[in-house]
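The values are calculated or read from the model by the stated rules, or taken from the named source; none is laboratory data. Note that the structure is a prediction, hence the values are computed from the model and not measured. Every residue, glycine as well, gets a Cβ built from its backbone with ideal geometry; the counts of neighbours run over all protein chains shown.
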């Protein structure tokens, strides 16, 4: 199961690195505070990149209506992607 989580994290990080869109970034504490207060989302998944330099965090609202992926390195966090209607597929982790 852990290999599957790392694979998903790698895909998310690779997708954000190849994006041509300019990322919205800020201090880690400010970004998390903004997402938690504005969208009422909380951390549900966290993963470390293979090189150990980046952290991917998936936040979601209690009803899973909205979700956000943040990528952090040190005290800088960037919005990677966000969406609606989060669904979990397959077995529970």
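Condition first: surrounded by fewer than 12 Cβ atoms within 10 Å (Cβ to Cβ) and in contact (Cβ under 8 Å) with a residue 40 or more places away in the chain. Now tell me which residues in the stretch 75-93 satisfy that.
In the first step, residues of the stretch 75-93 are kept if they are surrounded by fewer than 12 Cβ atoms within 10 Å (Cβ to Cβ); the result is 75, 83-85, 87-93.
Matches in the stretch 75-93: 75, 91, 93.
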Name the single residue, out of those in the stretch 38-60 being part of a strand (DSSP E or B) and touching a helix residue (DSSP H, G or I) at 6+ places or on another chain (Cβ under 6 Å), that is surrounded by the fewest Cβ atoms within 10 Å (Cβ to Cβ). 47
Restricting attention to the stretch 61-93, which residues are part of a loop (DSSP other than H, G, I, E, B) and over 15 Å from residue 36 (Cα atoms)? 74, 75, 85, 86, 87, 88, 89, 90, 91, 92, 93
From the residues in the stretch 1-37 that are outside any helix (DSSP H, G or I) and in contact with a strand residue (DSSP E or B) (Cβ under 9 Å, 6 or more places away or on another chain), which one is modelled with the lowest pLDDT? 19
Being surrounded by fewer than 17 Cβ atoms within 10 Å (Cβ to Cβ) and within 14 Å of residue 25 (Cβ to Cβ) is the filter here; which residues of the stretch 61-74 pass it? 73, 74
